[in-house]
Amino acid sequence: MPAMKNIVVLISGRGSNMQAIVKAAQAERWPARIAAVISNRADAEGLAFAASHGIPTAVVSNKAFATREAFDAALAQAIDGFQPDLVVLAGFMRILTPGFVEHYAGRMLNIHPSLLPSFAGLATHRQALAAGVKVHGATVHFVTANLDHGPIVDQAAVPVLPDDTETTLAARVLEQEHIIYPRAVRMFVEGRLRVANGLVRIDAPATQPA
């Protein structure tokens with residue numbers, strides 16, 4: 001049985017992916033605990049959800065710091081107080097400094113609402129509709145200093161329908177995010193993810209004793 005892992009989740013809003021991860025961790029009895037949920041916004045709705053599930057919360061407001069570096073240093077200090085094995089970005093709306101990313105290299109995951117490497121950055125659903133792609137989706141990846149371009153752990157695809165709007169497409173993609181992000185986090189805490197030459201290899205699940 002793998003050792004119990006500590007997960008710290010970063011959010012900026014409602015944290016719907018965080019909620020999906022919390023629920024999956026409890027329902028599937030992962031060898032992990034959600035050690036904390038941290039936000040850069042005190043009004044983030046997800047903080048109340050975390051507190052209601054007995055998860056410690058913290059707020060590190062980026063507005064209290066003059067530079068991105070100073071904010072990231074304070075954020076890292078708050079995160080490290082919970083001794084994380086994994087840091088999960090779940091709608092955390094900050095571009096992180098290279099030093100912060102390096103500090104958590106190999107132990108920080110993000111989810112992006114597109115099939116990377118297509119449509120990095122913001123407004124991914126608008127980009128997909130404008131490009132006329134027939135398939136869109138979401139990607140879980142390890143975080144690197146290159147925005148939205150770390151090694152890919154998991155992806156899910158959805159069809160782009162002729163009458164789709166940004167709203168309808170986003171909703172369909174979000175449903176898949178809530179499936180693949182918990183799945184990817186579980187594979188990490190079970191020690192099944194290996195990165196070699198920029199590619200993620202996934203080991204088979206450990207067999208359960210009869």
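Read the figures in this text as sums done on the coordinates, not as results from a lab. On a predicted model such as this, the values are computed, not experimentally measured, just so you know. With ideal geometry, Cβ positions are generated from the backbone for all residues, glycine too; neighbour counts draw on all protein chains shown.
Placing one equal scatterer on every Cα of segment 34-83 and applying the Debye formula, the log10 ratio I(q)/I(0) at q = 0.13, 0.27, 0.29 Å⁻¹ is -0.30, -1.01, -1.08. Counting beta carbons within 10 Å around each of Ile79, Ile55 and listing the fewest first gives the order Ile55, Ile79.
Karplus-derived 3J(HN,Hα) values for segment 37-48, using 6.51 cos²θ - 1.76 cosθ + 1.60 with θ = phi - 60°, are 10, 10, 10, 8, 10, 5, 8, 4, 4, x, 5, 5 Hz; glycine and proline are entered as x.
Of the residues Gln19, Ala128, Asn62, the one whose Cα sits farthest toward the positive end of the charge dipole of the chain, with +1 on the Cβ of Lys and Arg and -1 on the Cβ of Asp and Glu, is Gln19. Of the residues Met18, Met93, the one with the fewest other Cβ atoms within 10 Å heads the list, and the complete ranking is Met93, Met18.
Comparing Gly13, Gly91, Gly132 in a Gaussian network model of the chain where C-alpha atoms under 10 Å apart are linked, the largest mean-square fluctuation is found at Gly132.
Given the DSSP H assignment, sum -39500 (n - 2.57) over each helix run of at least 4 residues in the chain and divide by its residue total; what's the result at 222 nm in deg cm²/dmol, nearest 500?
That comes out to -10500 deg cm²/dmol.
The ranking of Tyr104, Tyr181 from fewest to most other beta carbons within 10 Å of each one's beta carbon is Tyr104, Tyr181.
Could you calculate the FRET efficiency of Glu28 with Ala130 from 1/(1 + (r/R0)^6), where r is the beta carbon distance between them and R0 is 30 Å, rounded to 0.05? The computed FRET efficiency comes out at 0.20.
Excluding same-chain neighbours fewer than eight residues apart, the aspartates and glutamates reachable from Lys63 by a Cα-Cα span under 15 Å are Asp43, Asp72. Quick one: length gained pulling Ala105 to Ala58 fully straight, 0.36 nm per residue minus the C-alpha distance? Extra length available between Ala105 and Ala58 comes to 14.7 nm. Output the relative contact order of the chain, whole-number percent, from Cα pairs under 8 angstrom with separation of 6+ residues. Relative contact order, the chain: 19 percent.
Among the lysines, select those whose C-alpha is under 29 Å from the C-alpha of Lys23, and discard any that sit fewer than 8 residues away in the same chain. In chain and number order, the partners are Lys5. Placing dummy labels 7 Å off each Cα toward the beta-carbon, the span from Gln77 to Asp203 is 3.7 nm. A simple count of charges around Ile55, restricted to other residues whose Cβ falls under 13 Å of its Cβ and scoring Lys, Arg +1 and Asp, Glu -1, yields +2. The amide H of His136, built 1.01 Å from its N in the peptide plane, has Val158, Val160 as neighbours under 5 Å, considering only residues 5 or more places off or on other chains.
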